[in-house]
Each structure stands twice: as C-alpha cells, then as structure tokens.
Amino acid sequence: MNVDQAALMETDNLRHGGMSSERTVRLKLAERPDRDRIQRVVDLADALLNEAETLARDKAFTEEATRLKPLDILGGISFYDEVQRFETHLIKMALSETGGNQAKAARLLGIKATTLNSKIKLFNIEVG
C-alpha cells in the first residue's frame with residue numbers, strides 16, 4: 001500500500017456457521033491535485049506581488065531621479081551636497097519602505113542603525 005492508498009478492513013459475517021472473515025478493500029485517496037494547484041496559485045500570486053512592489057519602487061526611484069536638478073558641470077559641482085541629497089533620498093525611501101522602522105531601514109540599506117540615526121539627525125530627515 002502506498003501513500004495514495006488506504007486499507008479498509010471489513011468484517012463479513014458468513015452464513016456458514018457464523019464464522020467471520022476479513023477482507024481488505026483498497027481505496028485510492030485523492031492525490032491532492034486541488035491542494036497542489038491552490039498552493040501553486042498562492043506561490044505565483046506571492047511572486048507577482050513581490051514583482052509589482054519591486055516595479056513600483058523602481059518607478060518611484062526613476063520618477064524621483066527625473067526631478068533631480070541637472071548638474072551644472074561648468075559652474076562646478078558640490079560633491080558633498082550631491083552626496084547628501086542622494087543619501088537623504090535613499091534614507092527616505094528605506095524609511096517609507098519599512099513604515100518608519102529605523103532598524104529595518106538600516107538593514108535594508110546595509111548600514112548600522114546608529115549610523116542611520118545619526119544621518120537622520122544630521123540631514124534633518126523627518127521620520128514618521
């Protein structure tokens with residue numbers, strides 16, 4: 001008997017002297033195709049949701065990038081101001097993604113929570 005089968009023991013009373021005999025009736029259980037299909041649909045829906053979230057973040061990042069002021073190469077570029085603007089934007093995106101949770105945002109950015117907190121204070125980033 002394999003996983004997809006079950007044995008049912010059935011007792012028959014024989015008319016011959018009241019003796020009983022046992023016979024085994026094999027029943028084929030459902031191979032659970034519906035359960036597998038449902039799980040597959042759930043897995044696909046989860047994958048699609050993750051992809052949609054990634055695309056939404058990419059779109060937001062792209063839209064934000066188009067709003068950035070163009071660099072005035074001839075007039076000079078303030079490296080530190082540009083780095084601060086970029087860091088500020090990344091921190092805001094991470095905080096938005098994590099619902100304002102600084103510890104999770106720090107993990108997302110790959111920095112220590114104390115570093116994130118000091119940059120939030122340094123750049124006057126509003127959390128919440």
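Within the stretch 31-47, one or more residues are within 30 Å of I111 (Cβ to Cβ) and either modelled with pLDDT under 70 or surrounded by 10 or more Cβ atoms within 10 Å (Cβ to Cβ) (or both). Against the numbered list (1) out of contact with any Leu (no Cβ under 9 Å at 6 or more places or on another chain); (2) modelled with pLDDT of 85 or more, R85 comes up short only at (1).
Does G76 satisfy the criteria of being surrounded by 10 or more Cβ atoms within 10 Å (Cβ to Cβ), at pLDDT 50 or above, on the phi > 0 side of the Ramachandran plot and not β-branched (V, I, T)? No, not satisfied.
The values are calculated or read from the model by the stated rules, or taken from the named source; none is laboratory data. Everything quoted here is computed from the prediction, not taken from an experiment. A quick note on method: Cβ atoms are made from the backbone with ideal geometry, for glycine too, and the neighbour counts reach across all protein chains shown.
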